[in-house]
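Each remark here refers to the structure printed beneath this line.
The values are calculated or read from the model by the stated rules, or taken from the named source; none is laboratory data. Since this is a predicted model, take the numbers as computed values, not measurements. Here the Cβ is made from the backbone with ideal geometry for all residues, glycine too, and neighbour counts use every protein chain on show. Side chains included, ligands, DNA and RNA excluded: accessible areas come from the protein's heavy atoms. Shrake-Rupley method; radii C 1.70, N 1.55, O 1.52, S 1.80 Å.
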Amino acid sequence: MGRPDPEEGQLPAPVKPPDGGWGWIVLLGCFVITGFSYAFPKAVSVYFKELMKDFHVGYSDTAWISSIMLAMLYGTGPVCSIMVNQFGCRPVMLIGGLLASAGMILASFTTNIIELYLTAGVLTGLGMALNFQPSLIMLGTYFDKRRPLANGLAAAGSPVFLSSLSPLGQVLLEKFGWRGGFLIMGGLLLNCCTCGAVMRPLDMGMKRKMGKAQDKYEAKEMLPIGGKSEEGISTTDGTKKGKKAKKKPKKGKKLLDFSIFSNRGFIIYTISKFILVLGLFVPPILLVNYAKDTGVPDTEAAFLLSIIGFIDIFARPACGMVAGLKWVRPHVAYLFSFSMLFNGLTDICSARASNYTGLVIFCVFFGISYGMVGALQFEVLMAIVGSQKFSSAIGLVLLIEAFAVLIGPPSAGRLVDALKNYEVIFYLAGSEVVLSALFLGVASYCCLNRGKKEPPPENKPSAGGGSDTEEAESDVQEAEERSSDNHQPAHSTDNAVVVANEEPNHVAEEQRGEGGGCPAGDGEVLARDGCNADQMVERDSF
């Protein structure tokens with residue numbers, strides 16, 4: 001019998017999230033990636049007026065650029081999940097940074113709107129998708145107790161970058177034109193590669209090396225000094241090598257786990273997010289053009305997005321802190337439903353804003369509600385499925401949301417071209433968001449009542465992390481069962497070394513099954529040192 005080893009095809013013991021340390025650097029990288037992923041499609045809307053003049057197209061045609069970016073960000077979710085499960089987060093993010101930058105650089109040389117769709121839309125959107133999803137997975141790996149706060153701080157990257165990229169885009173447009181602005185924006189996206197480089201995975205290899213070194217140290221302490229000690233250590237190494245040769249080849253990891261569709265909470269969350277995305281991105285995408293059509297100067301119109309971003313900067317971390325409270329975290333789904341309801345009512349109540357003051361008031365309340373939605377959306381998903389299934393869950397959710405992204409903003413643009421009236425657009429978008437909030441709240445309440453009728457589990461998980469605890473216990477149990485199946489009797493010297501290598505509870509169970517006590521021969525050595533099985537269990541338990 002031996003310690004479960006991932007190299008031997010067994011499930012490794014789950015690594016406890018550090019909730020700090022290098023995790024703060026990972027959080028900073030996730031902050032930048034989130035900023036580019038969400039703010040960039042909105043900031044590009046600053047160039048739409050010039051694109052309409054150069055390519056002789058309408059609102060709906062230019063709105064497709066932002067929609068394709070967001071659709072690639074969402075629609076390639078399963079592809080990102082498969083690549084992350086196969087190659088890891090860091091290589092995928094490095095490739096994504098290069099693709100995002102190349103897309104904007106090539107877009108600066110385009111001669112028609114179709115080429116712009118393929119470069120700035122498809123290529124840049126794909127690059128940002130390959131950065132966005134792995135960064136969230138790494139964030140969930142490094143944080144557990146502080147995960148709501150970490151999600152809130154990372155989500156704050158979106159408003160920070162939105163408040164910066166929008167005025168920067170206006171300045172670049174005035175000085176270099178839209179082609180020069182796209183070229184410079186492509187250079188800025190190379191920072192995604194730097195963020196990918198700092199996504200260091202939690203090292204299981206170091207933990208295994210420390211375990212092997214501790215085994216040898218315990219063997220030296222248990223066996224007498226001299227040739228017998230060296231013989232015991234060499235026997236230990238030889239036994240492990242022999243076991244590795246006899247192990248069955250390890251099973252391949254699931255590239256995409258569809259079992260999450262059996263989770264009712266996941267189904268409710270996915271449906272509500274689909275309805276939400278239909279109207280959530282419409283107001284910020286059309287806001288700049290709406291302000292310009294009402295007579296607001298271009299610079300002040302672009303500043304409206306900065307107002308949303310500035311309010312959003314404080315709303316997201318604050319909402320993350322509130323969601324992390326002990327009495328709030330078990331009910332985080334209801335807080336998410338309230339934030340969506342707040343956002344939808346803001347759109348409806350501000351539909352008749354016809355001057356700059358009214359638009360500023362709208363931006364303030366929209367920034368608060370939008371920040372709450374952004375801070376909670378992935379925290380709710382992590383709480384529903386757990387961090388181990390999060391890579392598959394987020395990929396499938398983003399794929400479903402991609403269809404809503406392709407429907408929402410382009411349809412709103414066509415309505416603008418047909419009706420020449422933004423009031424209907426705001427009413428429609430707000431109604432969709434309100435509907436998603438009501439669905440999530442009512443459906444979650446119904447499922448919660450059903451769950452109360454079911455018998456509670458023996459070990460109640462901590463709030464917000466139930467799925468992780470259950471999966472960890474099942475993984476360890478499966479690993480112990482595999483290790484017990486592969487156990488074979490060894491010689492007396494091997495038995496002495498195995499006693500040193502086994503975990504205390506496992507040793508106690510094993511030796512009780514064999515009749516207890518120390519093995520013959522070398523048992524005298526253990527007796528002299530006072531290290532029988534029961535004493536080892538009692539000592540190590542402290």
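Look through Ala479, Ala437 and report the one residue that is open to solvent by less than 20 Å² (accessible area, probe 1.4 Å), modelled with pLDDT of 80 or more, more than 25 Å from Thr62 (Cβ to Cβ) and of a type in the set (A, V, I, L, M). I'd like the intermediate steps shown before the answer.
Working: Ala479 fails: modelled with pLDDT of 80 or more.
Criteria check complete, one pass: Ala437.
Could you identify the single residue in Met138, Met104, Met185, Met128 that is crowded, with 22+ Cβ neighbours inside 10 Å, closer than 30 Å to Met321 by Cβ and modelled with pLDDT of 90 or more?
On the way: Met138 fails: modelled with pLDDT of 90 or more; Met104 fails: closer than 30 Å to Met321 by Cβ; Met185 fails: closer than 30 Å to Met321 by Cβ.
Checking each option against the conditions leaves just Met128.
From Leu190, Leu173, grab the single residue that is over 25 Å from Gly21 (Cα atoms), modelled with pLDDT of 85 or more and surrounded by fewer than 17 Cβ atoms within 10 Å (Cβ to Cβ).
Of Leu190, Leu173, the one residue that is over 25 Å from Gly21 (Cα atoms), modelled with pLDDT of 85 or more and surrounded by fewer than 17 Cβ atoms within 10 Å (Cβ to Cβ) is Leu190.
Among (1) assigned to a helix (DSSP H, G or I); (2) modelled with pLDDT under 85; (3) among the small types (Gly, Ala, Ser), where does Ala353 come up short?
Among (1) assigned to a helix (DSSP H, G or I); (2) modelled with pLDDT under 85; (3) among the small types (Gly, Ala, Ser), Ala353 violates only (1).
Which of the residues that make up region 14-33 are open to solvent by 10 Å² or more (accessible area, probe 1.4 Å), in a helix (DSSP H, G or I) and in contact (Cβ under 8 Å) with a residue 24 or more places away in the chain?
Of everything in region 14-33, those that are open to solvent by 10 Å² or more (accessible area, probe 1.4 Å), in a helix (DSSP H, G or I) and in contact (Cβ under 8 Å) with a residue 24 or more places away in the chain turn out to be Ile25, Leu27, Leu28, Phe31, Val32.
Out of the residues in region 292-333 that are of a type in the set (A, V, I, L, M) and closer than 21 Å to Tyr59 by Cβ, state the one that is surrounded by the most Cβ atoms within 10 Å (Cβ to Cβ). Don't jump to the end; show me each part of the working.
Restricting attention to region 292-333, the residues satisfying the condition of being of a type in the set (A, V, I, L, M) are 296, 301-302, 304-305, 307-308, 311, 313, 315, 318, 321-323, 325, 328, 332-333.
From what's left, closer than 21 Å to Tyr59 by Cβ: 296, 301-302, 304-305, 308.
Values: Val296: 18, Ala301: 24, Ala302: 24, Leu304: 22, Leu305: 29, Ile308: 27.
Top of the filtered list is Leu305.
For region 326-339, which positions are closer than 14 Å to Val380 by Cα and not in a helix (DSSP H, G or I)?
Matches in region 326-339: Val328 only.
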